[in-house]
Every structure is written in structure tokens, then in C-alpha cells.
1. Would you check if there is a residue in segment 218-236 being surrounded by 13 or more Cβ atoms within 10 Å (Cβ to Cβ), of a type in the set (Lys, Arg) and either touching a residue at least 40 places away in the same chain (Cβ under 8 Å) or touching a helix residue (DSSP H, G or I) at 6+ places or on another chain (Cβ under 7 Å) (or both)?
2. If we only count strands (runs of 3 or more DSSP E) wholly inside segment 12-125, which ones have 2 or more residues that are at pLDDT 95 or above, in contact with a Cys (Cβ under 7 Å, 6 or more places away or on another chain) and over 30 Å from LEU141 (Cβ atoms)?
3. I need the full set of residues from segment 237-260 which are in contact (Cβ under 8 Å) with a residue 24 or more places away in the chain and surrounded by fewer than 17 Cβ atoms within 10 Å (Cβ to Cβ), in order please.
4. Taking GLY200 as the residue in question, decide whether it is within 18 Å of LEU162 (Cβ to Cβ), loosely packed, with under 15 Cβ neighbours inside 10 Å, in contact with a strand residue (DSSP E or B) (Cβ under 8 Å, 6 or more places away or on another chain) and touching a residue at least 12 places away in the same chain (Cβ under 8 Å).
5. Confirm whether ALA80 is open to solvent by less than 50 Å² (accessible area, probe 1.4 Å), among the aliphatic types (A, V, I, L, M) and out of contact with any His (no Cβ under 8 Å at 6 or more places or on another chain).
6. If GLU209 satisfies all but one of (1) in contact with a helix residue (DSSP H, G or I) (Cβ under 9 Å, 6 or more places away or on another chain); (2) open to solvent by less than 30 Å² (accessible area, probe 1.4 Å), what's the number of the condition it fails?
7. List pairs: first residue in segment 58-78 and farther than 12 Å from LEU41 by Cα and of a type outside the set (Ser, Thr, Tyr), second residue open to solvent by 80 Å² or more (accessible area, probe 1.4 Å) and part of a loop (DSSP other than H, G, I, E, B) anywhere in the structure, Cβ distance under 9 angstrom, at least six positions apart or on different chains.
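The values are calculated or read from the model by the stated rules, or taken from the named source; none is laboratory data. Because the structure is predicted, anything quoted here is derived from the model rather than measured. Virtual Cβ from ideal backbone geometry, glycine too; neighbours counted across all protein chains shown. Surface accessibility is based on the protein's heavy atoms, side chains included, excluding ligands, DNA and RNA. Shrake-Rupley method; radii C 1.70, N 1.55, O 1.52, S 1.80 Å.
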Amino acid sequence: MTARSVLDDLGRPVRLGPVRRVVSLVPSLTEAVAATAPGLLVGATDWCSHPADLAVPRVRGTKNPDLTAIRALAPDLVIANEEENRAPDLAALRGAGLPVYVTEVRTLPQALASLDRLLTAACGLDRPAWLDAAREAWQQLPPPDRLKPAVVPIWRRPWMVLGRDTFAGDLLRRLGVRQLHADHAERYPAIPLPELRASGAELVVLPDEPYRFTATDGPEAFPGLPAALLSGRHLTWYGPSLVEAPAVLAAQLAAARSFE
């Protein structure tokens, strides 16, 4: 494959040759590459937990990557995300001569298109079957009869919730959940607990990442309100988990509603 230039999701040109060595700085993208062409991965973050048997060198976290270690791995491509990774780190990698491809994912259609471009245009792979399966799984999801108003905390101490323009929020809307803070000026606003309790929510949605909400850590803060404990991976990751995400998340939401 001759040298070529591809545009990443931010419209930045990335100069590439043959891509045989990839370092991923995003758990979702690590899983996507591993499910498509596992031999490409030569490095991933400490948070890249899927697939469970992934055996590649770790380069610390998404917010504090070990830049020296990444350079030493001599990747043909570093893949990152505009939300999960810090711009100064990515600039430093570019300054060291490494091609860096940045994704942007705020909606399900954007995720599917982004994954297609990354895997086919950037990595030079065939379009994977799991990507078509993910699209079909979400297309088959019946439209909700009603959007149920909900608060969706992602952190406590302080309490933070999903706000505007988020991938998780788009998935929840497709599953019949209306975020009460979807029009907030911030994407992940900090909201005092009394204000959350008085918001008029009919449901509280508690994913297990980034904060690990559980049956004994989270629901007690919202007495009298049904609590849906969701798989954070299925709610926030964009990759092969999207294939089973509609069924998994719908079942978890239904379980909460059955106790109303």
C-alpha cells in the first residue's frame, strides 16, 4: 500500500502507509480493532478491558498515556477520541512523527460511520460483519411509545449527570428514556442532589461506569424513584458491544420499571 492521506473525524489529514501496528488509546476502539484484526494491536490503555484475553503492552490511561512507551512501540497508527484523550498528548505524539487518527462520537449513526471510516479507510481492513450486525440490531429496535423523563448520573461526590450531545444520551432516547438535562449547556454538568430529586424524573438511570453505581450505591439517594442499573459498557462503548446493547439495555430498563 502506497502512502496516502485520510481525514479523521475532525477533518484533520492523517498521512499513512501500510497499517500493521496500531496503538489504541480508547477502550471502545481497542475492542473494535481486536474484533476485526487482532494482530494489528501492539498497545492499549490500562482501561482497555475487552477482549478479556487481550495481551498487548499497556500504555497507562486515556488521560495520562505513557508517551515514551507509545513511541517505543513504533506504531503505524495511534487511534484516539476527542472526548476521551487530551489534545496536548495527541499533539506530542504527532510532534514525535506518529500518525494520530481522532474519532468523534456523539450519536449512534455517527458511531457507526466513524467505525467504518477508521477500520476501512484508515486501517485498510474489510468492513467487519459485526458492524452491520450492530446497525441491524438498533434498526430492529421498536420505537418507544413514550419517552420517560429520567436523570442519568454518571458520578457522585459531586453528582454529575449526562447533559447535552452525548452518545449515551442518544442510545437512551432510542430506548425510551428522555434525559431531563439533555438541553443543559454542559455535556456533563454537576447538579446538586436536591435539584436532581426535584427534577420531576420518573426514573433514575445508574450505569456502572465511569462511576460504578450498584444496587447498594446510588439508588438510596433517590428514594421512591425506580432505579435502572445499566451496563456502562453497553451504554457508552461504541464497538462490537453495540450488537447486543439494545437487548441488554432494554432488559435492564424493563427490570427497573417492573418494580414501579
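1. Step one: of segment 218-236, the residues surrounded by 13 or more Cβ atoms within 10 Å (Cβ to Cβ) are 218-219, 221-222, 225-236.
After this cut, where a residue has to be of a type in the set (Lys, Arg) as well, the list is 233.
Subset that is either touching a residue at least 40 places away in the same chain (Cβ under 8 Å) or touching a helix residue (DSSP H, G or I) at 6+ places or on another chain (Cβ under 7 Å) (or both): 233.
Yes, there is a match, as at least one residue in segment 218-236 is surrounded by 13 or more Cβ atoms within 10 Å (Cβ to Cβ), of a type in the set (Lys, Arg) and either touching a residue at least 40 places away in the same chain (Cβ under 8 Å) or touching a helix residue (DSSP H, G or I) at 6+ places or on another chain (Cβ under 7 Å) (or both).
2. On the way: elements: 13-16, 22-24, 41-44, 77-81, 100-103.
The strands (runs of 3 or more DSSP E) meeting that bar number zero.
3. So in segment 237-260, the residues in contact (Cβ under 8 Å) with a residue 24 or more places away in the chain come out as 237-247, 249-250, 252-253, 255-257, 259-260.
Across segment 237-260, the qualifying residues are GLU244, ALA247, ALA250, ALA255, ARG257, PHE259, GLU260.
4. On the way: within 18 Å of LEU162 (Cβ to Cβ): yes; loosely packed, with under 15 Cβ neighbours inside 10 Å: yes; in contact with a strand residue (DSSP E or B) (Cβ under 8 Å, 6 or more places away or on another chain): yes; touching a residue at least 12 places away in the same chain (Cβ under 8 Å): yes.
So GLY200 passes the test.
5. On the way: open to solvent by less than 50 Å² (accessible area, probe 1.4 Å): yes; among the aliphatic types (A, V, I, L, M): yes; out of contact with any His (no Cβ under 8 Å at 6 or more places or on another chain): yes.
Answer is yes for this residue.
6. GLU209 satisfies all of (1) in contact with a helix residue (DSSP H, G or I) (Cβ under 9 Å, 6 or more places away or on another chain); (2) open to solvent by less than 30 Å² (accessible area, probe 1.4 Å) except (2).
7. Close Cβ pairs (under 9 Å, with a partner that is open to solvent by 80 Å² or more (accessible area, probe 1.4 Å) and part of a loop (DSSP other than H, G, I, E, B)) amount to VAL59/ASP46; ARG60/ASP46; GLY61/ASP46; GLY61/TRP47; LYS63/ARG86; ASN64/ARG86; PRO65/ARG86.
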